[in-house]
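Each value in this text was obtained by applying a stated rule to the coordinates, not by laboratory testing. A quick note: this is a predicted structure, and the numbers were derived from the prediction, not measured. Reconstructed Cβ throughout: ideal geometry from the backbone, glycine too, with neighbour counts over all protein chains shown.
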Amino acid sequence: MSQLVTGEAVVLQVRIARMPTRALACAIDVALQGVVLVVIVSLLAGFLLGGESSEALAVALIFIVVLLVAVGYRVLMETLTRGRTIGKMVLGLKVVRDDGSSIRFRHALVRTLMWFFVDFAPWFAACPGIVASLMNKQGKRFGDMVAGTVVIRERHQPMASPPLFVPGQLVQWAQSLELSRLSDDLANSARDYLARYTELLPGPQIALGEALAARMSAVTAPAPPVPIIAPAYLSAILAERRRRELIRLSTHRTTQTGPFANPSYAIPAGPFTPPSPYGAQAPVPAPSPFIPPPPPPGPRPATVNPQGWAAPGSNEAGWS
């Protein structure tokens, strides 16, 4: 693992690609370039031999083709794919700038020209790039040093989904959140941050958490009623978002009708029901459309006169 410092002074933990992996990616690219060169040169040879072209023209055309394939391939691929060639795609590598951002055309051009004329040039025995990569702690060759780039590994072990929860005192606040402006990219960034929270250093933990919380608060409302740390704030919003999404999917699937409706796609009930971020909830009784009639009035107490006699009919239910 190595560290890259972004323009916002945030330290990123990345895996640097070392020389053996980069050499294998380079071999794949060179093999593809060789196949393309053989095909194009064969076509040019057939065209030049069939006509009355001069030898100088043939040499010039072949030189231009070799230069375009050797240099143009890398510049074009790394510019369009933001730091990848076919060999790097196969091995999960990517070229980034020293601050972790994507490279541009000028970086790809400088790296390719240095690769062709310095790092692996035949007049230097094709070894300066190998020596520089082995001696540099970030595996940089001369082209990377001049262009200000570094090659990293993109393939990591899949991160487990972080346990999302809503604190008990914030349940009502979470249920009242307006999340329509929350984008999938921001939600995924927050989820990745929570999944890698324990792997980050204390400085990046706080800086990234506060930055994501600030972005999240700009697109959600209302603000939390009590002070809350950034990871708990992000977790509460993501938990509520996931709860609403599950409810929406469950409602959509269970209301499907027609000959192609399949009730087996609905979210199962019972022990396989997805857990709620709010914990166990007491069942809410369904309201009944029928109101039970009031109980009939009971018999009124008998009215007794001073002599001890009860008034006739005073103890009947309908007496008034």
Report summary line: In nanometres, the difference between 0.36 nm per residue of separation and the alpha-carbon distance of Arg244 and Leu57 is 60.4 nm
Report task. Evaluate E = 1/(1 + (r/R0)^6) for Leu43 and Phe117, where r is the Cβ-Cβ distance and R0 equals 41 Å; express this FRET efficiency to the nearest 0.05. Result -> 0.90
Query raised in the report: Semi-axes of the range 13-115's equivalent ellipsoid from the Cα gyration tensor, sqrt of 5 times each eigenvalue, largest first, rounded to whole Å?
Result: 33, 14, 9
**Report entry** Asp98-Ala23 pseudo-label distance in nm [points 7 Å out on the Cα-to-Cβ vector]
**Finding:** 2.7 nm
**Report entry** Only Lys, Arg (+1) and Asp, Glu (-1) charged, at Cβ; the range 74-163 dipole about Cα centre in debye
**Finding:** 140 debye
Query raised in the report: Suppose R0 equals 22 Å; then what is the FRET efficiency for Ser183 and Leu76 from their Cβ-Cβ distance, rounded to the nearest 0.05?
Result: 0.10
Query raised in the report: Where does the range 68-129 land on Rg/Rh, using Cα atoms and the Kirkwood Rh?
Result: 0.99
Query raised in the report: Taking the range 118-154, which trypsin sites (Lys or Arg not before Pro) meet the DSSP loop condition and have no more than 15 other C-beta atoms within 10 Å?
Result: Lys137
Query - Förster radius 25 Å - calculated FRET efficiency between Val66 and Arg15 (Cβ-Cβ, nearest 0.05) - result: 0.15
Requested in this report: Express in whole angstrom the spacing between the alpha-carbon centres of the range 124-146 and the range 163-206.
Outcome: 41 Å
